[in-house]
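J.: Questions regarding the structure given below will be posed in turn.
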Amino acid sequence: MLKLGVNIDHVATVRQARLGIEPSPMKAADECEKAGCFGITAHLREDRRHIIDSDIVALAKQVENLNMEMAVTDEMVDIALANKPNSVCLVPEKREELTTEGGLDVIGIKDKLSTAISRFQENGILVSLFIDPEEDQIRMAAELGAEYIELHTGTFANADGEEQLTELDRLIEGAKLAHNLGIKVNAGHGIDYVNIELIKKIPHLVELNIGHSIVSRSIFVGMRQAVKEMIDLMADYTG
Ligand code: PXP
């Protein structure tokens, strides 16, 4: 069964608009779990624009399966090791970006990654590398011994027509290669209630990480219903 990880960053985005306590990402996480999602993802960014340190502390205690999304910096590695999420998803991060743009250059930072991956694995934390569906990046991710890659679906999500189908083919080939190399495959970024139908054509997927579309829909139908609707759409995935 294809698992759903709900990214609750944008619940925190609304809270941070007033620097208050509502809406609570912890309450949102609870609703997502009650709706039947597999896990919760939260991205602690360097600028703390949505999720803040105390959220990670609270979520790590509360949530069944916490995936901490993070840049590979000494600060973030230390925070993750202190809180012991079930998994980390390592992403590139630029201060000025609106959201994560592009996958990790696994080849360019392989030494730094190798050290971080070992530290996580020694502490029982699973590692996922967020990468574009590029052959050399996928091969290096497997060589580094990460348990998962998360294929970046953002380019696919932002395209349409023929261009989108070309991007889908790249994702399909990337997933097949990763599977053949023995690395598990997740996917995320820009997945919504419509493009999920094409996403389901990608083979070997274990988990989808979806945030913006679910949090957006939850404004109108509530978090539990928004999560349930996505789980229903994912249910006929055959791999
Ligand atoms: N996966 C990763 C690695 C991401 O950076 C994001 C965005 O925070 C997501 C999944 C979720 O993307 P979206 O909010 O577009 O569903």
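We did not get these values from a lab; they are worked out from the coordinates using the rules stated. Remember, predicted model here, so these are calculated numbers, not experimental data. Cβ sites come from the backbone with ideal geometry, for glycine too, and all protein chains shown count toward neighbours.
J.: If you stretched the chain out fully between residue 165 and residue 192, how much longer would it get, using 0.36 nm times the residue separation minus the C-alpha to C-alpha distance?
T.: Value of the extension gain: 8.1 nm.
J.: Less than 14 Å from a label point 7 Å out along the Cα-to-Cβ axis of residue 49: which backbone N atoms in segment 167-202 qualify, by residue?
T.: Once the point is set 7 Å along Cα→Cβ of residue 49, nothing inside segment 167-202 turns out to lie under 14 Å by backbone N.
J.: On to the next question. At q = 0.10, 0.18, 0.21, 0.25 Å⁻¹, what log₁₀ I(q)/I(0) does segment 141-239 have when each alpha carbon counts as one equal point scatterer in the Debye sum?
T.: With one equal scatterer per Cα and no solvent, log10 I(q)/I(0) is -0.28, -0.84, -1.06, -1.31.
J.: Which aspartates and glutamates does residue 228 reach when only Cα atoms under 18 Å apart count, and residues fewer than 8 places away in its own chain are ignored?
T.: 30, 31, 33, 64, 192, 197, 207, 236
J.: Going through the cross-link list 3/200; 27/200; 3/34, which pairs have a Cα-Cα distance over 20 Å in this structure? Don't skip to the end; give the middle numbers.
T.: Values: 3/200 12 Å; 27/200 29 Å; 3/34 14 Å.
Table pairs above 20 Å Cα-Cα are 27/200.
J.: Between residue 74 and residue 179, what is the FRET efficiency for a Förster distance of 35 Å, r being their Cβ-Cβ separation, to the nearest 0.05? Intermediate results must be reported in sequence, preceding the final value.
T.: Values: r = 33 Å, r/R0 = 0.94.
Efficiency at R0 = 35 Å is approximately 0.60.
J.: With a bin width of 5 angstrom, please list the P(r) values of segment 75-215 as percents of all Cα-Cα pairs, from the 0 bin to the one holding the largest distance.
T.: 2, 10, 20, 22, 21, 14, 8, 3, 0, 0
J.: Can you give me the distance in nm between label points at residue 105 and residue 1, each placed 7 Å from the Cα along the Cα-to-Cβ direction?
T.: Result: 4.1 nm between the two label points.
J.: What full-extension length gain, to one decimal in nm, is calculated for residue 201 and residue 219 as 0.36 nm per residue of separation minus the Cα-Cα distance?
T.: That pair, residue 201 and residue 219, stretches by 3.6 nm at full extension.
J.: Determine Rg/Rh for the chain; Rg is computed over alpha-carbon atoms and Rh is the Kirkwood hydrodynamic estimate from the same atoms. List each step's numbers first, then the result.
T.: Working: Rg = 16.6 Å, Rh = 17.8 Å.
Dividing the radius of gyration by the Kirkwood radius yields 0.94.
J.: Another question, then. Exceeding 23 Å between C-alpha atoms, which entries from my cross-link table qualify? They are 112/184; 61/94; 94/176.
T.: Values: 112/184 21 Å; 61/94 29 Å; 94/176 30 Å.
Over 23 Å apart, Cα to Cα: 61/94; 94/176.
J.: How high is the FRET efficiency between residue 22 and residue 139 when r is their beta carbon distance and R₀ equals 45 Å, given to the nearest 0.05?
T.: Numbers: r = 46 Å, r/R0 = 1.01.
Rounded to the nearest 0.05, the efficiency is 0.50.
J.: Follow-up question, since we're still on this one. Given only helices, namely DSSP H runs of n ≥ 4 each adding -39500 (n - 2.57), what is the per-residue ellipticity at 222 nm of the chain, to the nearest 500 deg cm²/dmol?
T.: On the way: 11 runs with 112 residues, N = 239.
Here the helix-only value at 222 nm equals -14000 deg cm²/dmol.
J.: So what is the relative contact order of segment 31-152, in percent, for Cα pairs below 8 Å that sit 6 or more residues apart? Don't skip to the end; give the middle numbers.
T.: Numbers: 193 pairs, mean separation 24.0, N = 122.
Answer for segment 31-152 is 20 percent.
J.: Which of the three applies to segment 2-92, rounded, prolate or oblate, going by the alpha-carbon gyration tensor with a ≥ b ≥ c and a/c under 1.5 meaning rounded? Display every interim value, and only then the final one.
T.: Numbers: a/c = 1.68, a/b = 1.08, b/c = 1.55.
Note, shape of segment 2-92 comes out oblate.
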